[in-house]
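Shown next, in structure tokens, is the structure this report addresses.
The values are calculated or read from the model by the stated rules, or taken from the named source; none is laboratory data. All values reported here derive from a predicted model rather than from experimental measurement. Because the Cβ atoms are built from the backbone with ideal geometry, glycine has one as well, and the counts that use them run over all protein chains shown.
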Amino acid sequence: MCGIVGATAERSVAGILLEGLKRLEYRGYDSAGMAVWDGASINRLRRAGKVQALGDALDELGLPGSTGIAHTRWATHGKPVEHNAHPHMSGNQVAVVHNGIIENFERLKSDLKEHGYVFTSDTDTEVIAHLLDRSVKSGSDLVAAVKQTVGSLEGAFALGVMHQSNSGEIVAARKGSPLVIGVGIGENFIASDQLALLPVTDRFIFLEEGDIAHLTREEIVIWDKSGQLVERPISRYEHGVTAADKGGFKHYMLKEIYEQPAVTLAAFEGRINDGLVDESVFGEQATAIFDQVKQIQIIACGTSYHAGMIAKYWMESLAGIPCHVEVASEYRYRSVVIQEGTLFVSISQSGETADTLAALRDVQDQILASLTICNVPGSSLVRESDLNLMTKAGPEIGVASTKAFTTQLVALLLTTIVLGRRFKLTEDKEREIVLALAELPSLIERSIAMDGAIESMSQSFAEKHHSLFLGRGTLYPVAMEGALKLKEISYIHAEAYPAGELKHGPLALVDKDMPVVAVAPQNDMLDKLKANLQEVSARGGELFIFAGSTQDVQPGEGIHVLGMPSMPQILEPIVYTIPLQLLSYHVAVLKGTDVDQPRNLAKSVTVE
């Protein structure tokens, strides 16, 4: 949600800022703008709509200068129109870009109006610009003004600030919303994501909660939340610049689906030693913590929540450990009872998901320890958890998560194994699972090879408005994930149900206009599932079945079957996800939607 880019350099920065915004488009936004200091004054350019509209205006009008800040806005307060776009200014003196929400902005706005400030937008962000201006006019320098201003803000924010009188300087601050500093030679940068800055640097400093940073071309100074000067480590980006390119694919989503054989291999490669999982990869304290675990609490949102639901089946059936899974936005707002010996597991692609991060912070003093399954080293969840396991999926640009989900499942399976050793999982069973994992990349490749057949199947969905997804056991969360993918990128209303629940309501919806998708591996639930599918056929419903056995599940009138490769049962939730991703992708392409940037959605949900 929203994107920040800032630069102070010896060269013109408008092009750098624009390229950074283009690289942040995946986060979701509805307007874009930038402000650049030209050596004498701050000039601003904003446009509603896509970054390209800002780029066209930049080509026409120009925006010279060597220091600037830029932003893509995802509307929270005020409509997505130009006067609400960032950067926001106080007169012609202060410019600010902001990710997050200021919860007390109405009270601050009222006070500022009484002091003569005039508001030109409907946003919460504009109060920040006026507060900074008031502080500077009272005698504070820009750093002191930022420190004073953030002390009066309630809510979440990442800020980039410039002042007309402070040549070549940017001040940044973060609380509850990610911000990273890009370290260059004779130039420095800020951004909400490393990807924005890869064309200009591969060295980054991750600001921590409460940090304030002062950037010039030659120097970076950071204060922590207590006001003490600190040094934060510099890390190098571990993926190549091309990792964030489409690589010849029409959409990022399709590229990321096709990357899954490689990234699922990366998720377990190097973490296996002599046929067993090396638990030291979770962190130095892993063994001592795992020895004390009595139960698991998993917290996540969206796709990551579905991964957690599958992990619950594994934890309880394979490992014999009690496991609870809850949506973070619900968990954090209710009174919870945390049992002794609870390992708190958070799952997040970005490591910055606001509700998941808040849930972790709320329970830190009540749990045995915390473990994060994440794709972004240096993210808030990783830094604030006792243990972590990186999914190694690489950059995921498409809003609809694909490779992040499957690599999360690999990481959760490894987690199940190391915990299960302390309960009922035998060494022989562990070795069997590890051998199965070795088959995973080739099984995913075989599933991707069904792409042509799935594209043909997608024709049946192009004119539909509703769809139902069915599964049982570990495949029920897979059905949920399939329904989520279809609805978020094709805008077809889709719901998932445990197939055994059809008679308790959903069967009333089934007719010829309601396609029903089922995942039907050849396991001990197949006969039960077949009986449920017959209920659909009997009512004229059209079935689309991904089946583990075309002998047991045969095509017929209104029954379309695609045979899946034979596989170890433990891998079914991972492999059966692939065709559902491809189905959603092709339906969205047919409907002409924006596959990578679906309407109203953002990749990284950093506000409630």
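General remarks:
- Yes/no for T201 being in a loop (DSSP other than H, G, I, E, B) and of a type outside the set (A, V, I, L, M, F, W, C): yes
- Here the stretch 177-192 is the region considered, the condition is being of a type outside the set (A, V, I, L, M, F, W, C) and touching a helix residue (DSSP H, G or I) at 6+ places or on another chain (Cβ under 7 Å), and the residue that is farthest from V5 (Cα to Cα) is P178.
- Some residue of the stretch 112-130 being touching a helix residue (DSSP H, G or I) at 6+ places or on another chain (Cβ under 9 Å), surrounded by 20 or more Cβ atoms within 10 Å (Cβ to Cβ) and within 17 Å of L215 (Cβ to Cβ): no
- Residue list for the stretch 359-397, restricted to those being at pLDDT 90 or above and touching a Gly at 6+ places or on another chain (Cβ under 8 Å): L368, T372, C374, N375, L381, V382, D386, L387, N388
- Condition met for I289 (more than 23 Å from the chain's Cα centre (by Cα) and at pLDDT 95 or above): yes
- Selected residue (only one of E231, E219, E208 is touching an Asp or Glu at 6+ places or on another chain (Cβ under 9 Å), assigned by TED's automatic domain parsing to the domain that holds L18 and either surrounded by fewer than 16 Cβ atoms within 10 Å (Cβ to Cβ) or farther than 15 Å from E187 by Cβ (or both)): E208
- Qualifying residue in the stretch 579-595 (condition: of a type in the set (V, I, T), at pLDDT 75 or above, over 30 Å from I433 (Cα atoms) and surrounded by fewer than 19 Cβ atoms within 10 Å (Cβ to Cβ)): yes
- Test for S458: is it crowded, with 18+ Cβ neighbours inside 10 Å, more than 18 Å from E535 (Cα to Cα), in contact with a His (Cβ under 8 Å, 6 or more places away or on another chain) and of a type in the set (S, T, N, Q): yes
- Check on S31, in contact (Cβ under 8 Å) with a residue 40 or more places away in the chain and over 19 Å from V200 (Cβ atoms): yes
- Sole residue being in the same structural domain as A7 (by TED's automatic domain parsing), hydroxyl-bearing (S, T, Y) and touching a strand residue (DSSP E or B) at 6+ places or on another chain (Cβ under 6 Å), chosen from T72, T120: T72
- Residue within the stretch 462-477 that is within 26 Å of the chain's Cα centre (by Cα), at negative phi, buried (at least 24 other Cβ atoms within 10 Å of the Cβ) and not assigned by TED's automatic domain parsing to the domain that holds L583 present: no
- Residues that are surrounded by 19 or more Cβ atoms within 10 Å (Cβ to Cβ) and over 23 Å from P178 (Cβ atoms), drawn from the stretch 327-357: T342, L343
- The number of residues in the stretch 405-436 being modelled with pLDDT under 95 and closer than 16 Å to I310 by Cα comes to 0.
- For the stretch 559-596, the set of residues classified as among the small types (G, A, S) and touching a residue at least 40 places away in the same chain (Cβ under 8 Å) consists of S566, S584, A588, listed by residue number.
- Residue count for the stretch 428-469, restricted to those that are over 30 Å from R271 (Cβ atoms), of a type in the set (A, V, I, L, M) and not in a helix (DSSP H, G or I): 2
- Candidate set from the stretch 93-111 (those that are surrounded by fewer than 17 Cβ atoms within 10 Å (Cβ to Cβ) and touching a residue at least 40 places away in the same chain (Cβ under 8 Å)); member that is farthest from R599 (Cα to Cα): N104
- Contacts under 6 angstrom Cβ, first residue in the stretch 427-442 being without any contact (Cβ under 8 Å) to a residue 40 or more places away in the chain and within 16 Å of N273 (Cβ to Cβ), partner of a type in the set (A, V, I, L, M, F, W, C) and part of a helix (DSSP H, G or I), 6 or more apart: none
- Qualifying position, being touching a strand residue (DSSP E or B) at 6+ places or on another chain (Cβ under 9 Å), more than 21 Å from T287 (Cα to Cα) and not in a strand (DSSP E or B), among G394, G378: G378
- Extreme residue, surrounded by the most Cβ atoms within 10 Å (Cβ to Cβ), among residues of the stretch 530-554 that are within 23 Å of L443 (Cα to Cα) and at pLDDT below 75: V553
- Residue, farthest from L159 (Cα to Cα), within the stretch 51-81, restricted to residues that are under 22 Å from the mean Cα position of the chain (by Cα) and at pLDDT 90 or above: V51
- Hits in the stretch 82-92 - residues which are within 32 Å of the chain's Cα centre (by Cα), crowded, with 18+ Cβ neighbours inside 10 Å, farther than 26 Å from G186 by Cβ and not aliphatic (A, V, I, L, M): N84, H86, H88
- Against the test of being closer than 24 Å to S226 by Cα and of a type in the set (K, R), the options R107, R73, R134 yield a single qualifying residue, R134.
- Residue in the stretch 358-374 that is surrounded by the most Cβ atoms within 10 Å (Cβ to Cβ), counting only those that are closer than 19 Å to Q295 by Cα and among the small types (G, A, S): A359
- Residues that are of a type in the set (A, V, I, L, M, F, W, C) and within 21 Å of G182 (Cα to Cα) number at least 3 in the following strands (runs of 3 or more DSSP E) confined to the stretch 1-66: 3-8, 31-37.
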